[in-house]
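Worksheet: the structure to be examined is printed underneath.
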Amino acid sequence: MRICVYGAASPTIDPHYIEEGERLGREMIKRGHSLVFGGGGNGMMGAVARGAKQENGYILGVVPKFFDEEEVEKLCDFCNELVMPDTMRERKQIMEDNSDAFIVTPGGIGTYEEFFEILTLKQLCRHNKPIALYNINGYYDELTVVMRQAIERNFIKADCMELFFVTENLDELFAYIESTDKKVRTVKELKDG
């Protein structure tokens, strides 16, 4: 399975997150999967890629050209394949098209945006791929509170919470990714409008 991992690019996050990211990368490859990610060399992105590399896994990095040209962030220099599209939108499309599942590790604005886009596409039945939030140190606890509040206020249908899985346990995360219910839904079931 090709698993897309979203996550922070920041080099200043707590080392515990880095350790867990590397563990995720190693475990992914041990289970026979490959990594698709944003091509960054730091933060959660770099950690997951390093873990995958330690187990000799296949790594596809996707990073916009301007990240390299403008030195936006350190790039991963050991990807098996590095694709460099022109825009962020193209980057996300390439990552989505080349992935069978999505794992969202702790991250910032870009990671939140990637999560909500891939979740929205699933809500609109544009894909039926598993999405899991790797909730290291309870990082996404407040996000799930916000989602439930939106449900209580009728901005989101309750069934949308079934479109993704949240866990801090790596075994649970892979159990979900590898054997998730492929129930096909309709847009009408998941969205008012």
Quick one: is L75 closer than 19 Å to L35 by Cβ, surrounded by 13 or more Cβ atoms within 10 Å (Cβ to Cβ) and not charged (D, E, K, R)?
yes
For G41, which of the numbered conditions (1) under 19 Å from S99 (Cβ atoms); (2) in contact with a Cys (Cβ under 7 Å, 6 or more places away or on another chain); (3) not aromatic (F, W, Y) fails to hold?
(1)
Given (1) modelled with pLDDT of 95 or more; (2) among the hydroxyl-bearing types (S, T, Y); (3) more than 23 Å from V36 (Cβ to Cβ), identify the lone condition not met by T186.
(1)
State yes or no: is N80 out of contact with any helix residue (DSSP H, G or I) (no Cβ under 9 Å at 6 or more places or on another chain), polar (S, T, N, Q), surrounded by fewer than 20 Cβ atoms within 10 Å (Cβ to Cβ) and within 19 Å of I177 (Cβ to Cβ)?
no
Does at least one position in region 143-153 carry a residue that is basic (K, R), at pLDDT 95 or above and surrounded by fewer than 19 Cβ atoms within 10 Å (Cβ to Cβ)?
yes
Within region 146-163, can one find any residue that is polar (S, T, N, Q) and closer than 24 Å to S10 by Cα?
no
Tell me, which residue of region 156-178 that is at pLDDT below 95 and exposed (fewer than 14 other Cβ atoms within 10 Å of the Cβ) is nearest to L190 (Cα to Cα)?
D159
Selected residue (only one of R91, R126, R185 is surrounded by 20 or more Cβ atoms within 10 Å (Cβ to Cβ), among the basic types (K, R) and either under 16 Å from the mean Cα position of the chain (by Cα) or part of a loop (DSSP other than H, G, I, E, B) (or both)):
R91
Just one of (1) closer than 22 Å to K129 by Cα; (2) crowded, with 21+ Cβ neighbours inside 10 Å trips up G43, so point out which.
(1)
Exposed (fewer than 14 other Cβ atoms within 10 Å of the Cβ) and either over 15 Å from the mean Cα position of the chain (by Cα) or among the charged types (D, E, K, R) (or both), is that true of P85?
no
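The values are calculated or read from the model by the stated rules, or taken from the named source; none is laboratory data. This is a predicted model, so every value here is computed, not measured. Backbone-built Cβ (ideal geometry, glycine too); neighbour counts: all protein chains shown.
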